[in-house]
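Written below as structure tokens is the structure these notes are about.
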Amino acid sequence: MDTHRDTLPPPPLRVAIAGVLAALAGVAAGELVAGLSRRLTSPVVAIGDRVVDAVPQPVKQLAIDLFGTNDKLVLLGSILLVLVVVAAGIGLVARRHLIAAMVAALLLAGAATLATALGPTTPLPLGLLPGVATAVVALPTLWLLVDRGRVPVATPAADDEPVGLVVPTTTASGPVEPDVGPTRRRFVLAATSVLAGSVLSAGLGRLLGRRFSVADERADLALPEPADVADAVPAGAHPDVEGLSSFVTSNRDFYRIDTALEVPQLSAADWTLRVHGMVDEERTWSYGELLAMPSVERVITMTCVSNEVGGGLVGTARWQGVRLADLLETVGVDPAATQVVGRAHDGFTAGFPVEAVGDRDCLVAWGMNDEPLPAAHGFPLRLVTPGLYGYVSATKWLSEVELTTFDALDAYWVERGWAERAPIKVSSRIDTPEPFARLGRSTVAVAGVAWAQTRGIDAVEVRVDDGEFREARLATAVGTDTWRQWVFEWDTTDVEPGRHQLTVRATDADGTVQREERTPPFPEGATGWHSQAVFVDG
Ligand SMILES: Nc1nc2c(c(=O)[nH]1)N[C@H]1C(S)=C(S)[C@@H](COP(=O)(O)O)O[C@H]1N2
Ligand SMILES: [Mo]
């Protein structure tokens, strides 16, 4: 190229920085465009969504084991990290082969566009926009920064020339590198402008995106009083022991598990629930119509199949909504249907046996603890089904209920190897004392929760070290669909000072004793007794 006859390629550090900044500018443009419409997704989040859908089960389990419920942040961070490394590489290629680097950048932006456009909620061709914006901004930026990084032949910059935002033009001994200063300054100026522009547009995009929040809409909604309310939780259901879980879990403390990288913000104003498939006559209800139907309130304990022994992926709420049985009665179910599938706006599915709709209170819930469902817990509508793990029964952001058969449809997690039928296993957890607590020599209240939804808890036993299991005192049962609290008064003067191991096991009302053998959550829920060490003072 003629204009470059009197310049040399930029130093490697400059081109690497050029690559990274061009990528960031592209990402920022994607964020900005995604903020323009509620139906658009940021390319980074879209890539994350595709990864979540595609990664094999062992990898997913590893991510959950390593990062717990922070796995989503870690995923988004990893995507950005990979992007930075790849972009730096593209920058280095651009040093000598600008066209090749531009092609690589185009492919990268193309992948982002594909990820965004392939989203199940993405309307085309509008959905192409964030990805296209990424390419339209990243490619010229790369070209510009590489060009600005070139060095005059007269004074080639050393490869290790530092690129700083403060350009030293003099030292104690006088002026240095008179020709490099201006070219370096030119690059730093371009790079800083790109960085500032990126931060601004990404920030603006995020700011614009906030107007899709359903927070105000939720706050303004007036929920009806259910015709059939649940009794207040009796005082006897919650022993007064410090460190014991509250009986009803607050919305804020309720565990959250789903595949959504960003909490969906879905307006109830135009929300509909379509019930279809193997039915006599399909029907669609608006959110308002469902709110106007005779409703019920039920206290139900939900559990995630991924809950480890002793873990916190279990919670109890007062749920308000309509019985799914009432909706199914209206549409008329084909007797050959075996599976009820709840489908979310994004295509997520969870399916369970049709009989469950008749033999328990399966709810299309619109309320959680007397509030409209929080966005993270499924606003505007979700399913809540007692006795079945959430992944088969509790679709959030519910847009469809489909009557089908187990042969015809594998729901989201079943497709990924998890069990097709997933009743909740009888389980128990020690809430207090905490692991490795130091205990005085007195009577110590060991307390916790136990659950076997739809059956109920008949016994909880506690064992100290290798001793006999002894019965704990059961708190008042609220119902068979909720957990039950328990207390075991332990006289620590009975034991030697030092380390002791407390172990709990529960028995459900069918007589099934919690299994001792430790097995992991995959594919149908963990088993094993919860056990923890404490220290008794001398
Ligand atoms: N749309 C949608 N619904 C979903 C999920 C999901 O990923 N997407 N996860 C399910 C799982 S695995 C569980 S355990 C429950 C958790 O509900 P919560 O987050 O309100 O506790 O939601 C279920 N419903
Ligand atoms: Mo779950």
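The table for this structure:
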item	result
FRET efficiency, ILE257 to ILE99 (Cβ-Cβ, R0 56 Å, nearest 0.05)	0.75
More than 16 angstrom apart: percent of Cα pairs within segment 237-340	72
Convex hull of Cα atoms in segment 235-415, direction-averaged projection (nm²)	11.1
Binned Cα-Cα distances of segment 7-212, short to long, each 5 Å bin given as a whole percent	1, 8, 14, 17, 16, 13, 11, 8, 6, 4, 2, 1, 0
³J(HN,Hα), Karplus 6.51/-1.76/1.60, whole Hz, each residue of segment 310-320, x for Gly, Pro	x, x, x, 8, 8, x, 10, 9, 8, 9, 10
Crossing angle, helix 180-209 versus the chain [Cα axis fit, 0-90 degrees, rounded to tens]	30
Candidate lysines - alpha carbon under 19 Å from LYS60, same-chain residues fewer than 8 apart omitted	LYS72
Theoretical gain in end-to-end length, THR512 to VAL84 [0.36 nm per residue, Cα-Cα removed]	148.7 nm
Kirkwood hydrodynamic radius (C-alpha pairs) into Stokes-Einstein, the chain, 25 °C and 0.890 mPa s, D in µm²/s	91
Contact order normalised by residue count of segment 7-212, Cα under 8 Å, 6+ apart, percent	40
Segment 32-131 - percent relative contact order, Cα under 8 Å, separation 6 or more	43
Sequence-separation-based contact order of segment 308-445, relative, with Cα cut under 8 Å and 6+ spacing, percent	27
Separation in nanometres of the label points that stand 7 Å from Cα toward Cβ, at ILE64 and ALA269	3.7
Estimated FRET transfer efficiency (LEU189, ALA376; beta-carbon r; R0 35 Å; 0.05)	0.20
Approximate shape of segment 427-536 as ellipsoid semi-axes (Cα gyration tensor, √5λ), whole Å, largest first	25, 16, 11
Restricting segment 232-327 to chymotrypsin sites (Phe, Trp or Tyr not before Pro) in coil, as DSSP defines it, with at most 15 other Cβ within 10 Å	none
Spacing of the two label points (7 Å from each Cα toward its C-beta) at ARG438 and LEU73, in nm	3.1
Segment VAL153-PHE212, length gained on full extension (0.36 nm per residue, minus Cα span)	15.9 nm
Cα long-axis angle, helix 57-67 against the chain (0 to 90 degrees, to the nearest 10)	90
Qualifying GluC sites (Glu not before Pro) in segment 228-331, DSSP loop, other Cβ atoms within 10 Å at most 10	GLU242, GLU281
Between 0 and 90°, nearest 10: helix 43-54 axis offset from the chain longest Cα axis	50
Under Karplus coefficients 6.51, -1.76 and 1.60, residue-wise ³J(HN,Hα) of segment 384-399 in Hz, glycine/proline x	9, 10, x, x, 10, 4, x, 5, 9, 9, 10, 3, 8, 6, 5, 10
Percent of C-alpha pairs per 5 Å bin, segment 35-146, short to long	2, 11, 19, 19, 17, 15, 11, 5, 1
Cα-based Kirkwood hydrodynamic radius, segment 72-127, one decimal, Å	12.8
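A short reminder: the numbers here are calculations on the coordinates, not readings from a lab. Values in this document were obtained by computation on a predicted structure and should not be read as measured data. All Cβ positions, even for glycine, are placed from backbone atoms using ideal geometry, and neighbour counts span all protein chains on display.
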